[in-house]
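The values are calculated or read from the model by the stated rules, or taken from the named source; none is laboratory data. Owing to the predicted nature of the structure, the values given are computational and were not obtained by experimental measurement. Positions of Cβ are generated from backbone atoms using ideal geometry, with glycine treated the same way; all protein chains shown enter the neighbour counts. Accessible surface areas use protein heavy atoms only, side chains included; no ligands, DNA or RNA. Shrake-Rupley method; radii C 1.70, N 1.55, O 1.52, S 1.80 Å.
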Amino acid sequence: RRAVEPLHTPITTRRDALDTQIKQYNAIKGHVDTIDEKSQAATDHDRLHKRLAAIHEVVETKRKDYVSGILDAVSQTICSMYLQLHPGEDLGGIRLYLKPNVIGSLEFEAGFPGAPKGPPQAYYSESHLDTLGICVFLALAQYFSEGNTIVVLDDVITSVDEAHMERFISLLHNEADKF
């Protein structure tokens with residue numbers, strides 16, 4: 001035993017040093033494994049993000065194309081109705097459209113003599129805006145009607161003169177079979 005005792009302290013010291021190295025190795029290995037896992041997860045998330053971005057672009061394009069198609073069709077109907085209410089007044093060119101690359105971008109423009117196309121509320125009188133509003137309402141109701149739509153109007157145009165009111169009643173009469 002005496003012969004072994006002087007070796008005990010250096011062996012214990014060496015063992016403790018090796019234990020410390022093993023613990024450091026295991027800690028470093030754990031960190032490396034975590035980095036590898038997180039790197040793989042980041043790569044997977046990046047791929048998923050790219051696929052979702054591509055899907056989002058397709059959905060957004062299809063949705064905007066769908067809405068633009070509706071707006072084009074409705075714009076033509078609005079313009080036609082509006083010209084029936086205001087023949088010879090050189091108004092019209094009414095168009096609803098989406099502004100590209102802008103959220104919530106429904107735009108409305110119309111023509112007015114001597115002015116560039118712009119928002120109708122900039123140039124139209126109250127009665128012209130009232131009749132335009134009813135044309136928008138009727139055109140949307142007509143577009144989405146499946147033949148069973150009932151349109152109820154109550155006090156919708158109070159600012160028009162008698163001639164416009166007569167044309168408005170004729171317009172309603174002409175459009176009635178679509179509802």
(request) Residues that are open to solvent by less than 50 Å² (accessible area, probe 1.4 Å), without any contact (Cβ under 8 Å) to a residue 12 or more places away in the chain and within 30 Å of K64 (Cβ to Cβ): find the strands (runs of 3 or more DSSP E) completely inside region 92-176 holding 1 or more of those. (result) 115-118
(message) The conditions are (1) closer than 17 Å to Y82 by Cβ; (2) within 30 Å of the chain's Cα centre (by Cα); (3) at pLDDT 85 or above, and G111 fails exactly one of them. Which is it?
(response) (3)
(message) From the list D19, D65, exactly one residue is charged (D, E, K, R) and open to solvent by less than 90 Å² (accessible area, probe 1.4 Å). Which is it?
(response) D19
(request) Determine, yes or no, whether F137 is touching an Asp or Glu at 6+ places or on another chain (Cβ under 9 Å), aromatic (F, W, Y) and more than 27 Å from V59 (Cα to Cα). (result) no
(message) Just the residues that are at pLDDT below 85 and among the acidic types (D, E), please, taken from region 114-127.
(response) none
